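Enquirer: Below you'll find the structure I mean.
Coordinate-derived values only; no laboratory data. Please read all numbers here as calculations on a predicted model, not as lab measurements. Glycine also receives a Cβ, built like all others from the backbone with ideal geometry; neighbour counts cover every protein chain displayed.
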């Protein structure tokens with residue numbers, strides 16, 4: 001019987017075989033890093049979850065001794081209400097208490113290398129989907145619409161700081177569009193593991209500018225925008241040292257990815273890709289659809305009243321007597337009919353009166369509600385003039401008006417863009 005071949009001296013085994021890669025053992029974290037991770041992890045999990053929201057009204061009443069409407073959530077449009085700050089304080093308090101308990105109960109664990117990617121994944125998607133909402137609201141001009149005629153007639157000194165910012169942004173739709181594109185770029189980069197760090201840097205830069213604007217122009221989204229900026233910082237933080245090595249010290253650095261968990265099974269990876277594609281497509285589609293519908297109804301095919309336009313008041317007769325232009329006796333100066341359900345009037349003393357309006361096109365009249373009540377009939381003797389005749393607060397009035405071309409009235413609309421400017425046109 002032939003002797004069995006020696007596997008050591010066999011020619012087939014003399015060729016070096018590649019070693020099967022072994023999963024790297026996570027390096028132990030320092031105590032400070034472990035505690036910091038527990039605190040940061042709990043803060044963000046509590047922040048994106050609704051845990052603290054129902055606790056805030058109770059804390060406002062029983063701890064901070066507040067009373068009245070401020071102790072209940074109201075649709076005020078502000079993100080800096082007392083309840084918002086109390087809710088964020090609850091998140092911070094629970095995170096600190098939870099981190100202390102976690103550190104005691106889990107003190108033997110050497111690292112959180114497996115949990116860390118899941119936290120980053122949560123922040124990536126939370127921040128990305130928030131930025132998609134803000135980005136599409138700028139690409140389709142919902143957040144910063146072009147200043148309306150009423151705003152055009154207001155004195156600049158009467159603007160609030162937030163009103164200045166909104167008018168400044170809305171006056172340049174290309175700049176608003178660019179701002180939205182930058183938010184969308186950061187959002188979509190965040191949704192992919194390989195570009196997550198780049199997305200965090202882009203989003204962080206955009207959000208830092210937003211935070212500064214909110215603080216400097218007193219926009220009541222300071223708390224929320226600051227948290228969004230801190231999300232971007234948290235996502236980019238694991239690569240901070242490597243970014244400094246690459247961009248500041250100009251040294252080579254090793255790649256690191258904790259932007260999301262990696263599934264080892266092929267089926268799990270394919271399922272994850274499918275869910276991700278469906279989620280991104282559905283969210284993007286919803287924003288595009290709603291944005292286009294808004295664009296169609298407000299800009300492309302807006303609903304307009306039958307007497308649409310801006311008019312200067314040529315004469316104002318009340319109870320058979322002409323009200324002179326220099327009086328302050330509630331005389332109209334400018335009549336603005338640009339919306340189908342409301343009318344704005346600038347008075348001779350620069351105050352603004354807002355009326356609700358219901359049109360009867362068959363009877364060529366409209367009924368006013370709000371600052372004044374009454375029914376006025378309208379007639380257009382020619383394309384440039386309008387005559388109103390009827391009752392206004394039990395007074396008989398006849399108002400003759402001349403239509404105004406907004407572009408000729410407002411320099412903001414007529415100035416336009418110039419490549420060559422010999423002298424600064426700063427007015």
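Enquirer: Tell me, what is the percent relative contact order of the chain, built from C-alpha pairs under 8 Å that lie six or more residues apart?
Expert: Rounded, it is 10 percent for the chain.
Enquirer: Note the angle between two axes, namely the Cα long axis of helix 161-170 and the longest principal axis of the Cα atoms of the chain, as a number of degrees from 0 to 90, rounded to the nearest 10.
Expert: In the chain, helix 161-170 runs at an angle near 80 degrees to the longest axis.
Enquirer: Quick check on the stretch 113-302: take the gyration tensor over C-alpha atoms, sort the square-rooted eigenvalues as a ≥ b ≥ c, and tell me if it's rounded (a/c under 1.5), prolate or oblate.
Expert: oblate
Enquirer: Which entry in (1) 161; (2) 283; (3) 136 matches volume of the Cα convex hull per residue in Å³ derived from the coordinates of this structure?
Expert: Given (1) 161; (2) 283; (3) 136, the structure-derived one carries the label (2).
Enquirer: Helix-only estimate, please: 222 nm mean residue ellipticity of the chain, summing -39500 (n - 2.57) across DSSP H runs of length 4 or more and dividing by its residues, to the nearest 500.
Expert: Values: 14 runs with 194 residues, N = 427.
Result for the chain: -14500 deg cm²/dmol, rounded to the nearest 500.
Enquirer: What shape does the stretch 309-411 take by its C-alpha gyration tensor, where a ≥ b ≥ c are the square roots of the eigenvalues and a/c under 1.5 counts as rounded, a/b above b/c as prolate, and the rest as oblate?
Expert: On the way: a/c = 1.28, a/b = 1.05, b/c = 1.23.
Verdict is rounded for the stretch 309-411.
Enquirer: For the peptides 153-162, 353-362, what is the packing order when you average, over each peptide's residues, the other Cβ atoms within 10 Å and list the highest mean first?
Expert: Working: 153-162: 11.3, 353-362: 13.6.
Top to bottom by mean Cβ count within 10 Å: 353-362, 153-162.
Enquirer: Between 221, 211, 277, which gets the highest mean-square fluctuation from a Gaussian network model of the chain, Cα cutoff 10 Å?
Expert: Top of the fluctuation ranking is 277.
Enquirer: Top mean-square fluctuation among 391, 108, 276, Gaussian network model of the chain, C-alpha springs under 10 Å?
Expert: Its mean-square fluctuation being the largest, the pick is 108.
Enquirer: On to the next question. Roughly what angle does helix 266-295 make with the longest principal axis of the chain, taking Cα atoms, 0 to 90 degrees, to the nearest 10?
Expert: Value to nearest ten degrees: 10.
Enquirer: Measure nothing fancy, just the Cα-based angle from helix 173-190's long axis to the longest principal axis of the chain, in degrees from 0 to 90, nearest 10.
Expert: Long axis of 173-190 versus the principal axis of the chain: about 20 degrees.
Enquirer: Neighbouring Cβ atoms within 10 Å as the yardstick, rank 397, 345, 233 fewest first.
Expert: In order of increasing Cβ crowding within 10 Å: 233, 397, 345.
Enquirer: Taking only Cα atoms and a 10 Å spring cutoff, compute GNM fluctuations for the chain and point out the largest among 220, 69, 302.
Expert: Of 220, 69, 302, the Gaussian network model singles out 69 as fluctuating most.
Enquirer: Going highest first, how would you order 54-65, 86-97 by mean Cβ packing within 10 Å? Don't jump to the answer; show the numbers that get you there.
Expert: Working: 54-65: 14.8, 86-97: 18.0.
Ranked from most to least packed, the peptides come out as 86-97, 54-65.
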